[in-house]
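Report on the following structure.
Coordinate-derived values only; no laboratory data. Note that the coordinates shown come from a computational prediction; the quantities given were computed from them, not determined experimentally. For neighbour counting, all protein chains shown are included, and Cβ atoms are generated from backbone atoms with ideal geometry for every residue, glycine included.
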Amino acid sequence: MAKINDFEIKDFLGGLVTNKSDFEIARNEFPDTLNMDFEEMGKAKRRRGIMQFGDVKSGKTFDESFLFTPQILGSVPIVYHLVFDRASSGTIFKIAGTYTTAAVAIGDTTINVDRVNTHFAAASAVININGDEINYDGTSATTFTHSADMSIDKAHPTRSLVQQIVSIGTGTDTQLGAYVSQLSNVLFISGRAGSKTLASDGSTISSLLSPGPAGLFATNFRDRIYVAGSGKTNAATTRNGGRTRVSFSAAGNATDWSSFATDFFDVEDDRGEMITGLKELADNLFIFKMNSMFSYDEVTLQQRLFDVGAYNHKVIQRIDKLIYTFCPQGVFVTDGNTAKKISEPIEKFLKDFHPIFDTDLGRVVLNTYSGKYKQKYFLYLDLTLIDGTVKEDLCLVYDTIRKNWTIYDNFENFTHLGSLNGFHTGETISSTAGVFQSVESLFAGDSSGKYWKLFDKRYLDNESAKRPKGGDIIANRLGDGVNGKPISTVLETPFYDLGSPIWKTIGYITFLVEEGEFDVSYRLDRGNNATDWFPLGNFSRTVKDSRVLASGKNQGYRISFKITGNTLASISKFNGFVVRDINTQDEKRKWQMK
C-alpha cells in the first residue's frame, strides 16, 4: 500500500462537455450541468432567477422587445420600451415604469411611488411589483390607490420596481414575427403583408404612403432600412415579397419605399434557399440563408460562407465584433469571412433538433431563438430530443469570454428573448420624469401574455442624490406563485483516477461551499461495474466538515461526484472539493470488493 497526494478540483471553467469520454475529459470539464454558471475563477454557482415585468396580457404572445429612442432637437431624449404581440393584427405595447418610495404591505390601499407618469393607464388597471399583480382604481402624481382591496399578495420593500404594460395600438400583421428597426426618429415595423411606422411621439401608428414591402427581418444598414421578402403573394410584384429578395427604403427615410421597382436585389445560390435573417457587422449587411451567408456593401453582393447560415433571424447575435449563429450544422462564430464551430461540447442537445415552421407560409422557424447578455450567447430550444427523451424549454448558454457551455431550464412557454441596452423607470432621461437605466438587460416574452426580466433588477433611483438600488433576482419565476420557485442545480463530474490508474482506498472528502447549500453524492468505478450513487450529505457555508467514506464504499479505480441543489432563497456557490487520505492497494485484495 502506498499513499498518494491529495486530489483537488477548484477550477470549473471548462463547463459542460458531452462529447468526450471520461478518459479524455479534462479535470475542469463536466459531463452534466444544469442551471450552473462558470463565469468566475474557482466558483460554480446557481444561475439567477427571473421576474415577471408588468401585468399579464391574456391571449397575447409576446414576440419581440425593442427600445425606441427618438432624438428630437430641443427636447430631452425619450425612451420607449416596447413589446410586440404576434398576431394578424398585432398589438404594440409600451412598458410604463416607476418605483415605490415606501414599503408596501398586504391590505394597503395606497402605494407611494416616485411618480405616476403619463404612460400609466389613468383608469382602473393593474400594476406589477416583484411579480405581484396589484389592482388600483385611482392615481395621483405619486400614488396608486384603491377604494377597497388592491389584492396585494405579499409585502414589498421600498424602492421596488413598478411596471405596467400599456397598449399603444394594433394593426400590424406580425403572424410571422415582429421585426423592427429605427431610422430618422421613426420606428419601422415590418409585416408579412405590409409594414407600418411608429412616430416619435410613441403613439401614432401609420401605414406607409407608398406601397410598403411585404417584408421581414427589418435591419438598419447605413442610412436605409432593409427587409427580406415574406413570401406573401398578395401584391408581391409591388411589395417585393419574394423569399430570396432584399428590398430597401429611400436614404434617410423609413417611410419612403416608392422606388420599389428598382430598390431591391435578389440573393441566389445553387440551393435556392430562402433568406432567413439579416445582420449588420463591420459596415457590411450580412444576409443569411439556412445553410449559407452573403455580404452586401451597397456595391457588391457575394457569398461568404457555405454550410454556415441561420435557422432564423432571431438566432443571430452580434457580440464583440463577431456574429454567433445557429444552423443545421451547429452553432458557429464568424467574423464574416471565416467561421468556427463552437457547439461540439453540446452536440447531444442539437443533433435531434428539428425546425418547426409557421403554418401560414412556412417562412419562419419558430422553435428556436437567441439573446445576448454580459457577453454570453443564449440559445433557446422549444423542443429537442436528448438520449431518447423529449426536452422542452432548454436554454444553451455559451460564455464568449471563457469559451464554455452550460444549460438552463425552467423557462416555460417562452417565445422570444429581448436583448436591450437598458430599460427605464420613467419616460425620459430627464431627472424630472424618471431615469433611463442604460444598463444591458435581458427580457423574455411568453405565449401566455407574460413579460419577464431575467437575472437582475438593478436600477438607479430618481432622488436628488442618485443611488443604485435593487440587485440579483434570486427566486425563479417571480409571478408564478407568491414567492416564485426554487431553481434545481446539477453538477456531475467525470470519473477521476485521482492521479493513479490502479485500485485505491479513499479516506475522506472535504467540500468547499461559499454560499447556500448543496447535496453531494459519489459513485465508484470498480472495473467491471460502477456503483450506485452513495450520499455524502448536505454541505453549506456553515457545514464544512470532511466526510469519511464508509468501509465497503471507499474502494475502486476511480470516483465521480454529483453536486445538486434546489434553493429558493440564495444563489448557492460552490468552490470545489479535496479528496484526501488516498492509498493504492494490492491488486490481489481488490477482488474482495466484488
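Details
- Kirkwood-Stokes translational diffusion coefficient of the range 126-241, alpha-carbon pairs, 25 °C, 0.890 mPa s, µm²/s: 143
- Cα principal axis extents for the range 172-211, largest first, Å: 26, 20, 17
- Going from the fewest other Cβ atoms within 10 Å to the most, the residues Met290, Met36 appear in the order Met290, Met36.
- Between Asp283 and Thr142, the C-beta separation translates, for a Förster distance of 60 Å, into a calculated FRET efficiency of about 0.80.
- In straight-distance terms, cross-link reach from Lys289 covers every one of the aspartates and glutamates whose alpha-carbon lies under 20 Å from its own, apart from those fewer than eight places away in the same chain; here that gives Asp266, Glu268, Asp269, Asp270, Glu273, Glu280, Asp297, Glu298, Asp307, Asp335, Asp358, Asp360.
- Taking 0.36 nm per residue of sequence separation and removing the Cα-Cα distance, the Glu514/Gln375 pair yields an extension gain of 47.6 nm.
- Between Arg27 and Asn528, the FRET efficiency from the beta-carbon distance, with R0 = 35 Å, is close to 0.90.
- Summed residue charge, Cβ within 13 Å of Gly177's Cβ, Lys/Arg positive, Asp/Glu negative: -2
- Exceeding the 31 Å Cα-Cα cut-off - candidates Lys196/Lys403; Lys340/Lys391; Lys3/Lys45; Lys374/Lys562; Lys43/Lys340; Lys94/Lys376: Lys196/Lys403; Lys3/Lys45
- Extension gain, Ser151 to Asp335: 0.36 nm times the residue separation minus the Cα-Cα distance gives 61.0 nm.
- Selection from Val104, Ser206, Val227 lying farthest towards where the dipole of the chain points positive, charges on Cβ: Val104
- Rounded Å value of the spacing that divides the Cα centres of the range 491-523 and the range 365-393: 31
- log₁₀ of I(q)/I(0) at q = 0.17, 0.19 Å⁻¹ - the range 496-572, Debye sum with one point per alpha carbon: -0.68, -0.81
- The order of Ile487, Ile582, going from fewest to most other C-beta atoms within 10 Å of their C-beta, is Ile582, Ile487.
- Label assignment, Cα Rg over 2.2 N^0.38 Å derived from the structure, set [x] 1.31; [y] 1.09; [z] 1.19: [y]
- Ranked list, fewest to most other Cβ atoms within 10 Å of each Cβ, for Thr139, Thr489: Thr139, Thr489
- Ile356/Ala2 FRET efficiency (R0 51 Å; Cβ-Cβ; nearest 0.05): 0.30
- Rg [Å, one decimal], Dmax [Å, integer] - the range 263-309, C-alpha atoms: 9.9, 29
- Protection-proxy order for peptides 399-407, 448-456, each taking the mean of Cβ atoms within 10 Å per residue, highest first: 448-456, 399-407
- Sequence-separation-based contact order of the chain, relative, with Cα cut under 8 Å and 6+ spacing, percent: 17
- Over the range 1-127, all Cα pairs binned in 5 Å intervals from 0 give whole-percent P(r) values of 2, 7, 10, 11, 11, 9, 10, 10, 9, 8, 6, 4, 2, 2, 1, 0, 0, listed from short to long.
- Projected label distance in nm at Arg222 and Arg547, using a 7 Å step from Cα toward the beta-carbon: 6.4
- For the listed residue pairs Lys314/Lys341; Lys351/Lys573; Lys351/Lys485; Lys10/Lys553, the alpha carbons are over 26 angstrom apart in Lys351/Lys573; Lys351/Lys485.
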